[in-house]
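This report refers to the structure that appears directly beneath it.
The values are calculated or read from the model by the stated rules, or taken from the named source; none is laboratory data. Computed from a prediction, not measured in an experiment: that's the story for all the values here. Counting neighbours? That spans all protein chains shown, and the Cβs are built from the backbone with ideal geometry, glycine included.
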Amino acid sequence: MIAVAIVSGLGLGVELWGARAHGDLVEALVPRLSLSYEANVPTWFASTLLFTCALAAGAIAREATTYRGHWWGVVGVFAYASLDEAIGLHEHLGGHVNTGGILYFDWVIWAVAILAVTAIIFLPFVRALAPASRTRLVIAGAIYLTGAVGMELPLGFVTERLGTHNLAYALVDWVEETLEMIGASLALLAFVRHRDPERFTP
């Protein structure tokens with residue numbers, strides 16, 4: 001979480017700095033530290049964090065005696081999320097429906113449908129988790145999806161009206177990416193505590 005705060009704080013700092021000043025230094029730092037850009041430090045950090053979640057879930061899956069297939073499914077979800085963070089696979093879901101406003105990014109429609117099916121498949125698994133683990137993972141998932149999917153709605157609204165090269169877009173995108181990193185961090189914590197609960201018992 002400290003690392004998330006640093007990455008997020010630096011990203012916000014360069015966005016605000018870039019909106020008020022111009023120069024070689026700020027123009028060099030913004031694409032490297034902004035959460036709105038791809039293939040930079042925040043992208044690497046977020047992708048690595050999600051892949052670490054996949055590894056942590058994999059450690060649980062290897063030892064699981066019940067719902068083992070679902071645990072491996074969790075591994076697959078986080079591995080895909082890590083890859084998507086790095087190369088933007090979800091963007092290829094869009095462009096098939098003529099929408100605008102908050103649905104400017106129409107891939108959200110397909111994402112919600114996929115999430116609904118996934119939720120139905122994983123519902124028995126989630127209900128079978130220990131209460132503490134279930135609560136932690138549900139909270140982590142809710143925060144992550146609020147960023148990854150929910151924040152795409154205001155981001156689409158801003159993009160359609162103002163484009164992507166403005167402070168409003170940068171701030172909405174900053175909230176989105178920060179929520180994703182917080183959600184992933186909480187998921188990682190939930191996996192570690194689920195695998196070794198005695199270590200974290202007061």
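Reported count of residues in segment 75-96, each being under 16 Å from Glu152 (Cα atoms) and either of a type outside the set (Gly, Ala, Ser) or in contact with a Gly (Cβ under 9 Å, 6 or more places away or on another chain) (or both), is 7. Tyr169 fulfils the conditions (1) over 20 Å from Ala81 (Cβ atoms); (2) touching a Cys at 6+ places or on another chain (Cβ under 7 Å); (3) aromatic (Phe, Trp, Tyr) except for a single criterion, (2). Condition check: out of contact with any Leu (no Cβ under 7 Å at 6 or more places or on another chain), among the hydrophobic types (A, V, I, L, M, F, W, C) and closer than 18 Å to Thr164 by Cβ. Does Val14 satisfy that? So Val14 fails the test. Meeting the requirement of 2 or more residues that are under 16 Å from the mean Cα position of the chain (by Cα), at pLDDT below 95 and surrounded by 13 or more Cβ atoms within 10 Å (Cβ to Cβ), the helices (runs of 4 or more DSSP H) wholly within segment 1-96 are 68-87.
Restricting segment 97-119 to residues that are loosely packed, with under 15 Cβ neighbours inside 10 Å and over 21 Å from the mean Cα position of the chain (by Cα), the residue that is modelled with the lowest pLDDT is Val97.
With respect to (1) over 20 Å from the mean Cα position of the chain (by Cα); (2) touching a residue at least 12 places away in the same chain (Cβ under 8 Å), the lone exception for Gly156 is condition (1).
Just one residue in the set Val126, Val175 is of a type in the set (A, V, I, L, M), within 19 Å of the chain's Cα centre (by Cα) and surrounded by 14 or more Cβ atoms within 10 Å (Cβ to Cβ); that residue is Val175.
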